[in-house]
Amino acid sequence: MHHFARRTAGLTVALTATGLVVAGCAEGDDDAARPADLVLTGAAAAAPTPGGEAGAPGAVGAEETRIVTADGEITVSGDIYHKFVRSGGPAGPLGLPLGAEESGPDAGEYQHFAGGTIYAARGAEPYIVWGEIRKAWEEIGGAKGKLGHPISDEYDIPGGKRSDFAGGIIMWVDGDITIRPKL
């Protein structure tokens, strides 16, 4: 088994267990004060993790999870689910989903999370867009705008960050955003 898969599954299980302990220690019965509950369905419910526990987040073969939020139950599935788990799930920088997966242009799919958006163009790997780059991308139309869908995750450049899109790039350097469409 790959070391990455074991570490990811172990970390995810540990984070979930910590969340459950914290939820159990919360004062009163105020559900809003508790972290999101994970309810696995489909392949995830039956698939064993590397540690042998069935149904734990990050389970081998898992295809979706349902997360109970203050706004109700939201499903994260498919390629977006896998990217979400690799980024740390609800305890990671993306946080909780804000709504259901939606259809994007050219048969793409995306889902908004508290900390960013995961976008998967048809037949392509999903990528995360977040922070100031996400704000700028959404202001110019997101995947429907002139830059189109992301073709990279955000990565470090001298003085800041950069994300590549089908129609150009967005850079955040020293607090300033630069948008460069392809010519």
Scan SER163, SER152 and give me the residue that is in a loop (DSSP other than H, G, I, E, B) and within 12 Å of TYR119 (Cβ to Cβ). SER152
Is it the case that some residue within region 125-145 is open to solvent by less than 20 Å² (accessible area, probe 1.4 Å) and either of a type in the set (Lys, Arg) or in contact with a Lys or Arg (Cβ under 6 Å, 6 or more places away or on another chain) (or both)? yes
Note: among ILE80, ILE74, just one is part of a strand (DSSP E or B), open to solvent by less than 20 Å² (accessible area, probe 1.4 Å) and modelled with pLDDT of 95 or more, namely ILE74
Has region 164-172 got any residue that is more than 25 Å from SER103 (Cβ to Cβ), among the aromatic types (Phe, Trp, Tyr) and loosely packed, with under 14 Cβ neighbours inside 10 Å? no
Considering only residues that are without any contact (Cβ under 8 Å) to a residue 12 or more places away in the chain and within 22 Å of ASP164 (Cα to Cα), which ones fall in region 71-124? GLU102, SER103, GLY123
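May I ask you to verify whether ALA121 is open to solvent by less than 70 Å² (accessible area, probe 1.4 Å) and touching a Gly at 6+ places or on another chain (Cβ under 6 Å)?
It is true that ALA121 is open to solvent by less than 70 Å² (accessible area, probe 1.4 Å) and touching a Gly at 6+ places or on another chain (Cβ under 6 Å).
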What residue, of ALA44, ALA54, ALA59, ALA32, is surrounded by 17 or more Cβ atoms within 10 Å (Cβ to Cβ), farther than 19 Å from ALA120 by Cβ and modelled with pLDDT under 95? ALA59
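The values are calculated or read from the model by the stated rules, or taken from the named source; none is laboratory data. Keep in mind it's a predicted model, so treat the numbers as computed, not measured. With ideal geometry, Cβ positions are generated from the backbone for all residues, glycine too; neighbour counts draw on all protein chains shown. Only protein heavy atoms, including side chains, enter the accessible area calculation; ligands, DNA and RNA are left aside. Shrake-Rupley method; radii C 1.70, N 1.55, O 1.52, S 1.80 Å.
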